[in-house]
Amino acid sequence: MQAQIINRFGGPEAFELTEVETPPARAGEVRVRVAYAAVNPLEWKIRSGTLSPMIQTEFPAILGNEFSGIVDEVGAGVAQFAVGDRVAGFAPSGSYAEYVVTTSDRLSVVPERLSLERAAALPTAAETALRALALIDVQAGETVVVNAAAGSVGSAVVQLLVARGATVIGTGSEANHGYLRSLGAMPVRYGPHLTEDLAAAAPGGVDAAFDGGGRGFVDQILGLVPAQRIVTIIDFAAGAKGVQVAGGDPLALTAGAIGPVLQLAAEGRFATEIDTVVSLAELAGAHLRSEEGHLRGKLLVRVAELEAEAVQA
């Protein structure tokens with residue numbers, strides 16, 4: 001199979017598109033023919049070596065842990081999936097390739113009305129948003145500020161909060177303000193004027209906050225929101241200030257919570273914007289885009305046109 005591998009830590013130029021052996025599905029595992037692989041900040045941090053003190057990488061390595069595709073092989077003991085099932089979910093690594101192997105608890109069936117492209121953009125955003133929001137217990141009628149609200153996780157948080165009946169204020173660049181309004185959020189600007197903008201947007205105050213962008217947001221919001229009602233997925237030092245940190249092991253995610261969100265997406269009631277779709281050969285450029293930040297939604301790698309093949313068949 002074709003795969004993008006790295007043999008060393010470094011910049012995006014470390015990727016090599018090459019032929020490698022297709023992995024088998026062992027007991028408890030499922031092999032998936034990959035349609036789309038997602039690009040997340042976690043992966044460029046692994047590729048660059050930034051996370052090497054915390055995450056061990058053995059070379060040659062195939063990165064990528066979020067994807068959609070079609071089940072190709074089922075290992076012994078797996079009863080909930082069959083060859084031909086459309087699925088989305090996670091793997092510890094390996095989705096920057098034509099085939100990926102993962103355990104059955106990391107997959108969820110994709111509803112028929114949801115494309116594999118759209119499905120690939122959802123698992124990490126949905127899982128991260130649900131895990132973070134569980135820590136601050138937002139109730140209907142409360143006002144919540146979401147930092148980096150136009151990103152894939154931020155937009156998921158906005159939609160879940162709106163569905164709960166919360167009033168949502170979202171930080172974002174002015175180019176994304178229309179998009180944030182379409183999601184049901186009141187947009188405000190990033191930067192040193194945040195406190196002033198929040199005072200105008202929420203004269204009654206803010207009850208809780210979600211931080212998906214860092215860059216000093218926690219320090220700006222601490223005077224306005226109790227620390228225990230702030231959750232961050234990016235500013236790990238904020239835990240020392242009493243802020244909730246939604247950590248967890250990003251390489252051990254399970255798909256148990258994402259099934260209902262995939263169904264909502266199939267019904268048109270939840271979506272993650274797709275910023276750019278590139279080919280597997282163009283992965284290095286997608287990593288550059290991810291490092292630059294300020295994306296509106298998700299970066300996807302199209303590995304195979306599986307839905308088009310299914311229609312032709």
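General remarks:
- Shape call, the range 91-131: gyration tensor on alpha carbons, a/c limit 1.5: oblate
- q = 0.13, 0.21, 0.29 Å⁻¹: log10 I(q)/I(0) that the Debye formula gives for the range 199-249, counting C-alpha atoms only: -0.28, -0.68, -1.15
- The packing ranking of peptides 81-87, 50-56, highest mean first, is 81-87, 50-56, where packing means the average number of other beta carbon atoms within 10 angstrom of each residue.
- Each listed q (0.19, 0.20, 0.27 Å⁻¹) maps to a log10 I(q)/I(0) for the range 157-228 from the Debye sum over equal C-alpha point scatterers, namely -0.78, -0.87, -1.56.
- Over the chain: Kirkwood hydrodynamic radius from C-alpha pairwise inverse distances, Å: 20.0
- With the convex hull drawn over the C-alpha atoms of the range 1-105, the volume per residue is 95 Å³.
- Taking the Cα centre of the range 136-245 as reference, the dipole from Cβ charges on Lys and Arg (+1) and Asp and Glu (-1) amounts to some 120 debye.
- The packing ranking of peptides 106-112, 29-35, highest mean first, is 29-35, 106-112, where packing means the average number of other beta carbon atoms within 10 angstrom of each residue.
- Distance between the range 198-216 and the range 90-114 - C-alpha centres, whole angstrom: 35
- Comparing ALA238, ALA61, GLY248 along the charge dipole axis of the chain, the residue lying farthest to the positive side is ALA238, per the Cβ-charge model.
- The range 2-45: Cα Rg divided by the 2.2 N^0.38 Å rule of thumb: 1.40
- Largest to smallest principal axis extent of the C-alpha atoms in the range 223-284, angstrom: 42, 34, 26
- Exposure proxy ranking for THR22, THR128, based on other Cβ atoms within 10 angstrom of each Cβ and starting from the fewest, stands as THR22, THR128.
- Per residue, the convex hull volume that the Cα atoms of the range 62-206 enclose (Å³): 145
- Note on the range 183-300: Cα convex hull, mean projected area over all directions, 9.6 nm².
- Note on ILE258, ILE274, ILE230: ascending count of other Cβ atoms within 10 Å places them as ILE274, ILE258, ILE230, the fewest first.
Every number in this text was worked out from the coordinates using simple rules, so none of it is lab data. Bear in mind that the values here come from a model prediction, so they are computed numbers and not experimental data. As a convention, Cβ positions derive from the backbone with ideal geometry for all residues, glycine included, and neighbour counts pool all protein chains shown.
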